[in-house]
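For reference, the structure is listed below as structure tokens.
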Amino acid sequence: MAAKIKKGDRVVVLAGKDKGRTGAVTKVLPTENRVLVQGVNMVQRHTRPSQGDPQGGIKNKEASLHLSNVAIADANGKASRVGFRVEDGKKVRFAKTTGDVI
């Protein structure tokens, strides 16, 4: 089945500590049904100094969100479900709220 959310899509967080925030999808993990969203769900990781990072310390990074907790943002910035239709012989995704092709 075609992916409803892809890398680069603008999404709205539906649940959790960052509910209502929007961001661009930076990575999709399809086997785990999770996505990484830029600037959302930030967590702190304590890292040991290494050759690649001699300073070490506390680093901020994005944690993944479950696909069910994000939705595509339509042209108005509101959460929308994704539908599929065929236009000119190609399968395209569209926002159910506005009908616009994503």
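The values are calculated or read from the model by the stated rules, or taken from the named source; none is laboratory data. Everything quoted here is computed from the prediction, not taken from an experiment. Note: ideal-geometry Cβ built from the backbone for every residue, glycine included; neighbour counts use all protein chains shown. The area values use the complete protein model at the heavy-atom level, side chains included, leaving out ligands, DNA and RNA. Shrake-Rupley method; radii C 1.70, N 1.55, O 1.52, S 1.80 Å.
Could you list, in sequence order, the residues of region 65-75 that are among the aliphatic types (A, V, I, L, M) and crowded, with 18+ Cβ neighbours inside 10 Å?
So in region 65-75, the residues among the aliphatic types (A, V, I, L, M) come out as 65, 67, 70-73, 75.
Matches in region 65-75: L65, L67, V70, A71, I72, A73.
Could we say that S80 is among the hydroxyl-bearing types (S, T, Y) and touching an Asp or Glu at 6+ places or on another chain (Cβ under 6 Å) here? Answer is yes for this residue. Beta carbons closer than 8 Å, at least 6 apart along the sequence or on distinct chains, pair a first residue in region 35-60 that is of a type in the set (D, E) with a second that is open to solvent by less than 60 Å² (accessible area, probe 1.4 Å) for D53/T47. Of all the numbered requirements in (1) within 11 Å of the chain's Cα centre (by Cα); (2) at negative phi, G39 misses one, and that requirement is (2). For region 49-57, the condition holds for no residue, the condition being that it is among the charged types (D, E, K, R), open to solvent by 100 Å² or more (accessible area, probe 1.4 Å) and on the phi < 0 side of the Ramachandran plot.
Taking into account only those residues within region 76-86 that are in contact (Cβ under 8 Å) with a residue 24 or more places away in the chain, surrounded by 13 or more Cβ atoms within 10 Å (Cβ to Cβ) and out of contact with any Leu (no Cβ under 8 Å at 6 or more places or on another chain), which is farthest from N33 (Cα to Cα)? Out of the qualifying residues, it is K78.
The single condition among (1) among the hydrophobic types (A, V, I, L, M, F, W, C); (2) open to solvent by less than 70 Å² (accessible area, probe 1.4 Å); (3) at pLDDT 95 or above that L14 does not meet is (2). If you filter region 87-100 down to residues that are open to solvent by 70 Å² or more (accessible area, probe 1.4 Å) and within 13 Å of K4 (Cβ to Cβ), you find that the one that is nearest to the chain's Cα centre (by Cα) is K96.
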